[in-house]
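Data first, discussion second: the structure below is written as structure tokens.
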Amino acid sequence: MGLTGLAIFKLLPKTNCGECGVPTCMAFAMNLASGKATLSDCPHVSDAAKEALESATAPPIKLVKAGSGDNVLEMGDEQVLFRHDKTFYHPTGIFIEVADTDDVAGKVAEIDALKFERVGQTYVVDGVAIKGSAADSFKKAVEAAAAKTNKVLLLMCEDPAAMEAAAAVVADRKPILYAANADNYEKMVEIAKKINAPLVVKGKNLEDLAGLVEKVAGLGYKELILDSGERETSKVLADLTQIRRQAIKKRFRPFGYPAIAFTTEEDPYLEALQAQVYVSKFASVVVMKNTDLASLLTLFSWRSNIYTDPQKPIAVQPGVYAIGAVTPDSPVYITTNFSLTYYTVATEVEATRLPSYLIAFDTDGLSVMTAWAGGKFIGETIGPWLKDSDINQKVNHKKLIIPGGVAAIKGKIEELSGWEVIVGPREASGIGSFAKLRLGA
Amino acid sequence: MPVDILKEKYTGKVQEVVLGATKEEGGTRAYTVKLGGSSTLPFLQFEGEIPNRPVIAYEMWDIKPDWPDCFEEVYGDVWNDPVAWAKKIEELGADVIYLKLKGADPELDNSKTPDECAKVVKAILENTGAPLMVEGPGNPEKDNDVLQAVGEAAAGENIALGVAEKDNYRSIAAACMMGKHCIVGRSPVDINILKQLNIMLTEMGVSPEKIINDPLTGGLGYGIEYSYSIMERARWGALIGDKMMAFPVVCLAGPEAWRAKEAFAPVEEAGPGWGEQKPRGIMWEAMTAAALLQAGGDLVLMRHPEAAKLVKKHLEGLMVSNAY
């Protein structure tokens, strides 16, 4: 990573002692460059070389963690600018801001309870940001919030004394501290270090930010998150792009940390669209103010989409699933094991309130039409499988409901399995009326 | 500490396509719109030009559409009358009117003839000033007949006709060239087919400033990320000089978003946490559009006026220059 084998070789002892497992330092350097060896395999490397090599082979963006227990948010450690170049790894944390002058306990309880479910996924808010106005009220607000939620906390106050008192209340929760600026950074670093909490470094612009990060890193603290201070949508987009690009393409160290963004739109719908920009383009944390259901549902759905790994289709375990309190009379549906397809169908089958079996047929995670076109969801594969499947012991009938889009495979399945095939609706959304008309649901 | 702003040096840009023709240009449109023209990634004006704001088109049909019930209160008063509907979406703020001639679908009873379709298009042109895009019913043979008639009836207006696909583009391309219209070429979320189709269209003689691409949109929650990545790759291709990936892109946000249960299900059929249908449907569409704009959409097709208004407002913020 970053350095060539030759550049690494120059920093090695060049003794060819072989203790690392390969005969020469040059061979070891090549292995290091390609990620096949780690520096600790060399017992003789000097401390100076170690530091130089570690910073050169470190990931371009540091992995920073906040929170504790079951509520740990991982930020950073991203490797690309476009998801199609590899994938985006750590989904943007969505935080909701509460002011210490608000009804903190009530609001935090409300935020904590927000929960959205769709296509087999559950979405929840990742954290709560507490904005402090005065030392006393800030500490009380943090106490109240901590009592109402186990989610990650983000403490917002640029007065070090107030921050110190509030951070002490949640010292074991690894909250995110916001923020170190040019005036307070020494004190803020001290507070963050004490509880090992990630610290946001807030600049006035990119240059100011880079300078400040250098100063903070100079104090030996590297659990950092970046805020360029910009708040206008298009300019935040530009700054987030610069931060990500410089970290990845130039390995510009001051920007090698996750970044945070704040929404400014007051209308909850426009706010969600604004947050979408930062989720799409490179923010590790977005702090919002509204808790509108439609806004959050759509934003979380988008986050789930863009953080889907483009390298692999997402599949559910193939097999026979029972939906509801099934009996031997329950109908049997079949679809593919592409998770989006499976959960869309499962949701609709569940909504019919008629307990049913749903077969997730192994198509290597392809959707119905793609799998059919690729010869993975056809009579020749489904028929023999169905004939021997344990579904034969679970129901007292032999009727299989197939997706309407692949009506053509009906004959072959019947021929090879001995089951009767009923052609269902083309779209999952038609299952409700299909079940009503054909199955008496 | 000084930070050298990292700017990419691009050699290409997105083709600019003009839609509509004013009186001076041989048509009757009150104005024209320009699609594309960007020489940078979406909304990154610090390293290139974005001469044209992405365009917002409103969808309408020539017959009463089979849209979810919630559209009754929005368009119920006009959806039996295409001219009234077109005027209404123009008043609502559409940059472009997008007409789907579903009434010509041969599967329907009383399927409209090509002549009847042409009359609808003529009537809309006579009563509105916005540039027009026309999509056929979605049956290859009928599309060819209908779009040819429409192309003739709208000669000089520089409308867009669609959709041309790899296996059915010749007749539509001919109709476009004959009437000097733009063509919408669609590929099934596949960047290679997108490029191949563009090559076939240009080889047939369609001028590059008349080609628009529809890379096929996946709705939010249902495959949108595939479209997003295809669009990002196409934009990158355009910027590094591949002219066959450089045509402006339309995103069918409205039609795709409203296929999702999350958009249309009334609250009693909704999933856990979903809330009321109306804001949910509007946001499902708006979020679909906004996300695709980040991938390089040059035109978003919208269905619900409230969603369209949100996206337009959202675009204002994105179009503010971020030059350093």
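Since every read-out is calculated from the coordinates, none of them should be taken as a lab result. No experiment lies behind these values; they were computed from the predicted model shown. Using ideal geometry, Cβ is built from the backbone for each residue, glycine included, and neighbour counts are taken over all protein chains shown.
Before moving on, here are some points about what is shown:
- Cα shape, the protein assembly as shown, gyration tensor, a/c 1.5 rule: prolate
- Projecting the Cα atoms of A:5, A:137, A:88 onto the dipole axis of chain A, where Lys and Arg carry +1 and Asp and Glu carry -1 at the beta carbon, places A:5 farthest toward the positive end.
- Extension gain (nm, one decimal) between residue B:168 and residue B:276, 0.36 nm per residue minus Cα-Cα: 34.7 nm
- Choice from A:350, A:158, A:265 showing the highest fluctuation, given a GNM over chain A with Cα pairs closer than 10 Å: A:350
- Helix-only CD estimate at 222 nm, as mean residue ellipticity for chain B, using -39500 (n - 2.57) per DSSP H run (n ≥ 4): -11500 deg cm²/dmol
- Proxy reagent accessibility, fewest Cβ within 10 Å first, across A:388, B:109: B:109, A:388
- Mean-square fluctuations from a GNM of chain A, with a 10 angstrom spring cutoff on Cα atoms, peak among A:272, A:238, A:105 at A:238.
- Sequence-distant residues sharing a close amide H with residue B:128 (under 5 Å, placed H): none
- Rounded if a/c under 1.5, otherwise prolate or oblate - the stretch A:64-306, Cα gyration tensor axes: oblate
- Spacing of the modelled spin labels on residue A:397 and residue A:312, each 7 Å from Cα toward Cβ, amounts to 3.8 nm.
- For chain B, built as a Gaussian network whose Cα springs stay under 10 Å, the top-fluctuating residue of B:265, B:21, B:238: B:265
- Prolate/oblate/rounded call for chain A, Cα gyration tensor, a/c under 1.5 rounded: oblate
- FRET efficiency for residue B:69 and residue A:410, using Cβ-Cβ distance with R0 set to 41 Å, rounded to 0.05: 0.80
- Here the residues A:338, A:9, ranked from fewest to most Cβ neighbours within 10 Å of their Cβ, fall in the order A:9, A:338.
- A simple spin-label model places the labels of residue A:187 and residue A:101 2.2 nm from each other, with each point 7 Å out along Cα-to-Cβ.
- The charge dipole of the stretch A:64-306, taken about the Cα centre with unit charges on the Cβ atoms of Lys, Arg (+1) and Asp, Glu (-1), comes to about 960 debye, rounded to the nearest 20.
- Taking label points 7 Å from Cα along the Cα-to-Cβ direction, residue A:219 and residue B:23 give a separation of 7.0 nm.
- Given +1 at the Cβ of Lys and Arg, -1 at the Cβ of Asp and Glu and no other charges, the dipole of the stretch B:278-320 around its Cα centre is 200 debye to the nearest 20.
- In summary, no helical segment of chain A meets the span-like criteria, namely a full DSSP H run, a Cα extent along the axis of 24 angstrom or more and a mean Kyte-Doolittle hydropathy of at least 1.6.
- Sites residue B:209 and residue A:436 - FRET efficiency at Förster radius 51 Å, r taken between beta-carbons, to 0.05: 0.45
- Charge-dipole axis of the stretch B:4-157 as Lys and Arg at +1 and Asp and Glu at -1 on Cβ define it, positive-most pick from B:11, B:63, B:92: B:11
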